[in-house]
Structures are given as structure tokens and as C-alpha cells.
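A short write-up of the structure that comes next.
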Amino acid sequence: MGKRIAILTSGGDAPGMNAAISAIVRKGLDCGHEMFVVYDGFLGLVNGDIKQVDRKFVSGIINKGGTVIRTARYPEFADVRVQKKAVKVLEENKIDVLIGIGGDGTYHGLLGLHNCGAKVIGLPGTIDNDIATSDETIGFNTALNTICDALEKLKDTSSSHCRCAVVEVMGRYCADLSIYAAIAESAECLVCYDHIMPDEELFERIRKVKERKSHCLVVVSENLLDINELANKIEEATGFEAKPEVLGRLQRGGDPCPQDRILAARLGCYSIDLINQGVSGVVVGTKGTEVAATGIKEGFELPRTDRTSYFEIADVLGK
Ligand code: F6P
């Protein structure tokens, strides 16, 4: 029998969220379900901002950045009383399953709803790649492309001026965007979680770079240190004119790359397959070449992928 399935996006938007919405709605309709969207994430859910949608609603959005159903940061949703209010809204609207697309905060919200008795499924939609239950998250590859493009532009100008570019990259508390970008661009230095170079070692490395190059790229993970201060210290210690750059939220924008669209489509369709089999209370992701589901609670206990070998590669390429 057809079910009533609702979708929301929550937390920071990620390129590919629309592709996921499109796949879920199309596959859901194909399987005879009634499909709904919730605007503005958990905030909209609590306010009952729910709308039934058809194929027309998702037409032409697979390649669009952002999220057409909008998103929100809503820390109040950590409160179980607010979660119970949301469950009541789901019941009033006769929603059988809620699919949430987002990152760590979204998964905590879904876990709260699951604990209150609601049927939920989570899809990893975040540029940060910080979800242990999926090898890759929707949006990560697009953001990586955006960052690499920005770093190449900064290289052009810093080598023309004999400058050192000290660039802060997003990722919340996960270093993946920084590590991948540093490798892809052969950055001379990488400063990130689990790989914090002592100041003197960093300065010595930059001094050596200065002897043979007219530019130096230092990639730094956000939430780690003040890059203005770091740039000042580099300039003082090495004599290399250093300019701090925060790439900021432009890293979240732009049309999703084909890889993210495909990932979103696979995980979106898989979530409906699971609902058809009566499965909920899980988060979906990729493991190698396969899609896989993990219990939402168990997912929080898994460690993230160890990147030690990546640090070694970044180190060799930057020399
Ligand atoms: O989770 C995605 C992300 O872009 C993080 O990389 C970053 O730390 C955070 O969101 C910023 O969020 P906001 O735009 O709400 O300040």
C-alpha cells in the first residue's frame, strides 16, 4: 500500500540536495507513494509547513545548487519537547516516514524523532564529508571542485606578487576538504586536524619554499586557528608577504557536479527501496561501490575514516 513520505533538508545547504529531493520524489511516486516536502528543515516541520508535491515540482532541479525546500539552523530542536511537537505534526499530517537530508546536526534531529517513535531515514547531505556511515557525502565533491578552482586563482595572483596565500577551508571539525584540496593542488603546507604542524616546522618549510618558488599555498582547516594571526606570524618569521583568505560560504554554492548528482540519485532511490521493504530508523550511504544502510544510533558510534596516508601524500606533494 502506498505511504505518505515527507522530505526535509536541514543544516548547511549542500550542492546535490535538490538532486536527492528529485530522485526521492520521482522514485516514491513511481512506487505508488504520496510525496510531501517540508520547508525550512526541522523549524518548518514544527510549524507544519508541509506541502504535497508531484513530478512537476522536481522538474529541472537535479542540476541546481542549494535546496528548493530551503534549510535552517534550528538548535532548539535538540529539546525533546520540540521533537515531540514535530512528531505530533507528522501524525496530524499522516506522514508515515520522514526522510531528512543533511549532516551531523540533521542526523541528531532524526535520532531524536526516532526515539520519540517516528519513522525516519537519513541521507548524508553536507560538504563536510564528516559522516562515518558513508564514504562520501552529497555536496563534498562539488565543494572540493569549487575550492580547487579558488586555490588555482589565488595561486595565479600570489605567484605574480611573490606572496604566500594562507587559505581557510570549510569542513566544520573534519579535515577532508582541506586534505583533498591540498593534495589536488599540491599545496606547499597543510594545517588541519590531526595534522597540526608546530609553528617553527611550518616556518622552516615556508623559508625553503621561498628559496625556490615565487608563491606558497598554505591550506588551513576552519575552526582551528586565526588565519590573520597565522599570516602575520608567517610574514614575520619568513619574510614571505602573507595574505589571509577565508573562502567562506561560496564553498557551499554552485551547481552540483555530476558525481554529486549521481550519488544523490542513488541514495535517494535507495531510501525509497528501504521504505518499500518496511525499513526505517536508518541512515544511508555508500560503502565502496555499494549503497548501505546503518542504524541511526549505531552510526554515531562509528569512527571516521583514518586519513594518515593522505597526510603523507600531501606532505610529499607539497615539498
Ligand atoms: O556544515 C556545512 C558548513 O558549511 C560547515 O563547513 C561550516 O562550519 C558551517 O556549515 C557554517 O554554517 P553557517 O553557514 O550556518 O554559519
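Taken together, the values in this text are just the output of simple stated rules run on the coordinates, not laboratory data. Computed from a prediction, not measured in an experiment: that's the story for all the values here. Reconstructed Cβ throughout: ideal geometry from the backbone, glycine too, with neighbour counts over all protein chains shown.
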TODO: For the range 129-273, divide the Cα radius of gyration by the Kirkwood radius and give the resulting Rg/Rh value with two decimals.
DONE: 1.04
Open item on the list: With θ taken as phi - 60° and the coefficients 6.51, -1.76 and 1.60, list the Karplus ³J(HN,Hα) couplings across the range 235-245 in order, rounded to whole Hz; mark glycine and proline as x.
Closed with: 4, 5, 7, 10, x, 7, 4, 10, 10, x, 9
TODO: Enumerate the amide H contacts of residue 255 below 5 Å, restricted to partners 5 or more residues apart or on another chain; note that Pro and chain-start residues carry no placed amide H.
DONE: 65
Open item on the list: Tell me the net charge near residue 38. Cut-off is 10 Å between Cβ atoms, residue 38 excluded, with +1 for each Lys or Arg and -1 for each Asp or Glu.
Closed with: 0
Open item on the list: Apply the Karplus curve 6.51 cos²θ - 1.76 cosθ + 1.60, θ = phi - 60°, to the phi angles in the range 304-310 and return the couplings in whole Hz, x for Gly and Pro.
Closed with: 6, 4, 6, 10, 3, 5, 5
TODO: Would you mind ranking 203, 240, 42, 300 so that the residue whose beta carbon has the fewest other beta carbons within 10 Å leads the list?
DONE: 300, 203, 240, 42
TODO: Pull up all non-local amide H partners of residue 53: gap of 5 or more, or a different chain, and H-to-H distance under 5 Å with H placed in the peptide plane.
DONE: 35, 36, 37
Task: DSSP-defined antiparallel bridges as percent of all bridges, the chain, nearest 5 - done: 25 percent
Task: Neighbour-count ranking [beta-carbon atoms within 10 angstrom, fewest first] of 245, 204, 229 - done: 229, 204, 245
Task: Long pairs among 27/56; 3/64; 56/119; 287/319; 64/94; 56/84, criterion Cα-Cα beyond 21 Å - done: 3/64; 56/119; 287/319; 64/94; 56/84
Open item on the list: Counting only helical runs of four or more DSSP H residues, what would the 222 nm mean residue ellipticity of the chain come to if each run contributes -39,500 (n - 2.57) and the total is spread over all its residues?
Closed with: -13500 deg cm²/dmol
TODO: Can you put 159, 10, 221 in order of Cβ neighbours within 10 angstrom, beginning with the fewest?
DONE: 159, 221, 10
- [ ] Please sort 91-99, 115-123 by packing, taking for each peptide the average over its residues of neighbouring beta carbons within 10 angstrom, highest first.
- [x] 115-123, 91-99
